1. Which links in 217/306; 86/306; 176/247; 86/176; 149/176 stretch past 19 Å when you go from one Cα to the other?
2. Using protein chains only and a probe of 1.4 angstrom, how many square angstrom of residue 247 are accessible, to the nearest 10?
3. Could you sort the peptides 261-273, 193-205 by per-residue average Cβ neighbour count (10 Å cutoff), highest mean leading?
4. Determine the dipole magnitude for the stretch 204-261: charges of +1 sit on the beta-carbon of Lys and Arg, -1 on that of Asp and Glu, nothing else is charged, the reference point is the Cα centre, and the result goes in debye to the nearest 20.
5. Please give me the summed charge of the neighbours of residue 238: other residues whose Cβ is under 15 Å from its Cβ, Lys and Arg +1, Asp and Glu -1.
6. Rounded to the nearest 20 debye, what is the charge dipole size of the stretch 175-244 about its Cα centre when +1 sits on each Lys and Arg Cβ and -1 on each Asp and Glu Cβ?
7. Among 138, 97, 164, what's the order by accessible area (1.4 angstrom probe), most exposed first?
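The values are calculated or read from the model by the stated rules, or taken from the named source; none is laboratory data. Quick caveat, the model's predicted, so the values are computed rather than measured. Cβ placement follows ideal geometry from the backbone for every residue including glycine, while neighbour counts extend to all protein chains displayed. For the accessible areas, the whole protein counts, side chains as well, though only heavy atoms, and no ligand, DNA or RNA atoms are used. Shrake-Rupley method; radii C 1.70, N 1.55, O 1.52, S 1.80 Å.
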Amino acid sequence: MWSFHALGWIIASLALLDMARKAALIRSMHTNIDGGDKDGMWRPPQNNASRIELRETVHEEDAIQRSEDRIPPPPTDNTDSSNENKERCLLSLPDCDLSCLEWTIVLATGRSGSTAVLQMMAELPGMHFYGEEGGLLDHMHKFQERVDKSGKKGSLLSWMGAGDSDVHTLACMTQKFYAERHRDTCLHRGCRHGWKEIRYSSPESVEWIRTIFPSAKLILNYRGSCAEGYQDIFGRGCESINGESAKLLEATQNMTGVFHMQTEQLSNLTRWRELSEFLGYEGCEAKKMAGANKNGGYTPVKKRAKNLWDCR
């Protein structure tokens, strides 16, 4: 019996010690924050001014840190430092100028040398160019169509009365998103952006690209011919490859601002100069062609090719 009483006293004593330790910790916290309780006795705070001041200071420091984290990196060789005095693009979404930035989009059929085109484009002066984005624009088109369809349904779960979506605002948001994805973000008038993609060859996809990027220049990259018996790493033979090329050409046949770069022309340096002129460059000569995925293979690009152009 005595042992049970002793155990109870021990447990109670430990609990009292723990409570005392926590009380001391609370007094210490209030002393540090409010500057009061200098005699060691805790008193309710008279006002919350010091706490509010501390909280606002912490939030202000956090905001500064977040702002610093979003500062773009220093200009690289491809960044025009004179952009500081130029008009900023895409700041007013409802009525933004969709032609403020200069866009170049490479539409390729795959296994056509598009990675080599990507590397050549990325080395043009002032060009912010990147690789495939996974067919994102097609998904955005489906999103826009879904929004419009939901607004017309007579269900309580639909967006009744919402009306059609504002495609222009969606285009402004999309351009801004694409431009800011690049590590050398440039949102001034005349900044050059672009990417290459192998997933857009249908008339619907190409037309949607023209809706979002109305002034974009399109580069079509495809095989002009296919040797009998050829088969790529995906098992596609000439019939499939020629079919993809024909589909892309048909989708863009009535469009302006289109440049053709066939696989067989990639080693022609004169063709690259013509491409640079098509994009508005003057005095740019290709010194050599970037080699990527030769002989139909595939190797992820680990680093950018250098010294591809001589631009005066």
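1. Numbers: 217/306 24 Å; 86/306 29 Å; 176/247 30 Å; 86/176 17 Å; 149/176 26 Å.
Flagged as over cut-off: 217/306; 86/306; 176/247; 149/176.
2. Rounded to the nearest 10, the figure is 90 Å².
3. The packing order, highest mean first, is 193-205, 261-273.
4. On the way: 5 positive and 7 negative charges, 49 e Å.
Dipole size: approximately 240 debye.
5. Summing Lys and Arg as +1 and Asp and Glu as -1 gives -1.
6. Values: 11 positive and 9 negative charges, 108 e Å.
With only Lys, Arg, Asp and Glu charged at Cβ, the dipole is about 520 debye.
7. Details: 138 45, 97 65, 164 100 Å².
These residues rank, largest area first, as 164, 97, 138.
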